[in-house]
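Read the structure below first, then the notes.
The values are calculated or read from the model by the stated rules, or taken from the named source; none is laboratory data. Remember, predicted model here, so these are calculated numbers, not experimental data. Every residue, glycine among them, receives a Cβ derived from its backbone with ideal geometry; neighbour counts consider all protein chains shown.
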Amino acid sequence: PSVTKRTYADRAAKHPIPVAQQLLAVCDRKRTNLCVSVDVTSKASLLRIADAAGPYCCCIKTHIDIVEDFDRDLVEQLQALAEKHDFLIWEDRKFADIGTREGDLMTEEKFGLTRRLVYSSGIYKIASWAHITNAHLVPGEGILTGLASVGEPLGRGLLLLAEMSAKGNLATGEYTAKNVEAARRYPNFVMGFVAMKRVDEREETAGGVTAGEGPDFVIMTPGIGLDSKGDGMGQQYRTPDEVIRESGCDIIIVGRGIYGGGDGNPSEEIVKQCQRYQAAGWESYERRLKE
Ligand code: 5FU
C-alpha cells in the first residue's frame with residue numbers, strides 16, 4: 001500500500017535508515033507528528049522552549065547559527081532534553097556547496113575539503129549532535145556523496161529540499177523530480193524531503209518508479225499555521241489537515257505558531273499551542289489512515 005496508508009509504527013519497523021526508524025517510532029510512541037521550529041537568538045530561550053515543547057513533539061528544528069551566545073554546553077543541554085523528552089534534533093542548515101565525486105573521497109579525506117568540513121567542523125560541528133540536517137540539490141548530486149561520507153558513519157539522516165513553502169520559490173517541477181531521483185540513489189542517507197506534498201508518489205519518474213512503490217521517504221512540511229495564512233514576508237501557511245491528510249505529508253513543522261516570535265511566548269502558552277497542533281496533526285493522520 002501507499003505509504004500514506006501505513007502507520008508510523010509499521011514504517012518505523014521497516015525503514016532502512018536508523019534515524020528515520022527512530023523518528024517514525026517516536027511519532028508512534030508519543031502520538032505526535034509535530035516538529036517544533038525554535039528560531040530564537042539566545043541559548044536560554046532555545047533551551048526553555050525545547051523543554052516546554054519537548055513532551056509534545058517528535059523533533060525540534062534549530063537554526064543554530066542565529067544563537068548569539070552559542071557554546072558547546074548548549075548542544076549538550078539540547079541533547080539532554082532530547083533524551084529526557086524523547087525527540088530528535090534537526091539542524092535546518094540547508095547545505096548547498098559543491099559536492100564530491102565518489103572516486104575522489106580518498107583525496108578529500110586527506111585534504112579535508114570545505115564541502116564536508118561545513119558539516120563536521122567549525123564552531124557548530126553539526127554532524128556531532130544533529131540527528132537530521134538538510135541540503136539543496138542545486139550543486140548536483142555530488143553534495144550527497146560529500147555529506148553522506150560524514151553523516152552516514154555517524155548514523156545521521158538527510159532531508160533534501162525538494163520543495164519550499166515561500167511564495168515564488170524555484171523548487172518546483174523538474175527540479176523537484178530530480179531531488180526524488182537523487183534521493184533514491186542514496187537509500188542509506190537520504191531519509192526524506194522538505195516538501196509541500198507527497199513528491200515521491202506524484203507520478204512516474206525517469207527511473208520508472210510508479211505511484212506507491214519505491215523507498216519510504218519521510219516528508220517534513222514547513223509553512224503550518226492554524227490562525228494565519230502568511231507572515232506578510234512570503235511565508236505561506238496551511239493547516240495540519242491540508243498538509244497531513246490532503247497532501248499526504250508526514251510531519252508538520254510549526255515555528256511562530258507555537259513559540260510566537262521574538263524570545264518566545266511564556267512556557268504555558270507554548271505548551272497550549274503544542275497541544276493544539278499535536279492534536280490537529282494526529283487527528284489528520286488518523287483520518288488519513290481510515291479514508
Ligand atoms: F525549507 C524551508 C521552507 O521551505 N520553509 C520554511 O519555512 C524551511 N522553512 C523553515 O521553517 C524556516 O526557516 C523556519 O525555521 C521554519 C518556519 O517557521 P514559521 O515560524 O512556522 O514560519
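Observations on the model:
- Only residues that are over 17 Å from the mean Cα position of the chain (by Cα) and closer than 17 Å to residue 105 by Cβ were counted in the stretch 134-153, giving 10.
- Meets criteria (in contact (Cβ under 8 Å) with a residue 12 or more places away in the chain and on the phi < 0 side of the Ramachandran plot) for residue 83: no
- Listed conditions (1) touching a helix residue (DSSP H, G or I) at 6+ places or on another chain (Cβ under 7 Å); (2) more than 15 Å from the ligand (Cβ to nearest atom); (3) modelled with pLDDT of 95 or more are all met by residue 207, apart from (3).
- Across the stretch 237-268, the qualifying residues are those that are outside any loop (DSSP other than H, G, I, E, B) and near the ligand (Cβ under 9 Å from one of its atoms), and the one among them that is surrounded by the fewest Cβ atoms within 10 Å (Cβ to Cβ) is 256.
- When residue 53 is tested against (1) touching a residue at least 24 places away in the same chain (Cβ under 8 Å); (2) over 19 Å from residue 268 (Cβ atoms), exactly one condition is not met: (2).
- Output for the stretch 155-167, where each listed residue is closer than 18 Å to residue 16 by Cα and either touching a residue at least 40 places away in the same chain (Cβ under 8 Å) or surrounded by fewer than 21 Cβ atoms within 10 Å (Cβ to Cβ) (or both): 155, 156, 157, 159
- Complete set of residues in the stretch 177-186 that are surrounded by 15 or more Cβ atoms within 10 Å (Cβ to Cβ), more than 15 Å from the ligand (Cβ to nearest atom) and touching a residue at least 40 places away in the same chain (Cβ under 8 Å): 178, 182, 186
- The residues listed here are 92, 104, 97; of these, the one that is within 16 Å of the ligand (Cβ to nearest atom), of a type in the set (Asp, Glu) and either closer than 14 Å to residue 60 by Cα or surrounded by fewer than 21 Cβ atoms within 10 Å (Cβ to Cβ) (or both) is 92.
- No other residue among 89, 143 is in contact (Cβ under 8 Å) with a residue 12 or more places away in the chain, among the β-branched types (Val, Ile, Thr) and assigned to a helix (DSSP H, G or I) apart from 143.
- Filter pass, residue 41 being surrounded by fewer than 19 Cβ atoms within 10 Å (Cβ to Cβ) and polar (S, T, N, Q): yes
- Taking the listed residues 174, 152, the one that is part of a helix (DSSP H, G or I), surrounded by fewer than 15 Cβ atoms within 10 Å (Cβ to Cβ) and either modelled with pLDDT of 95 or more or within 16 Å of the ligand (Cβ to nearest atom) (or both) is 174, with no other qualifying.
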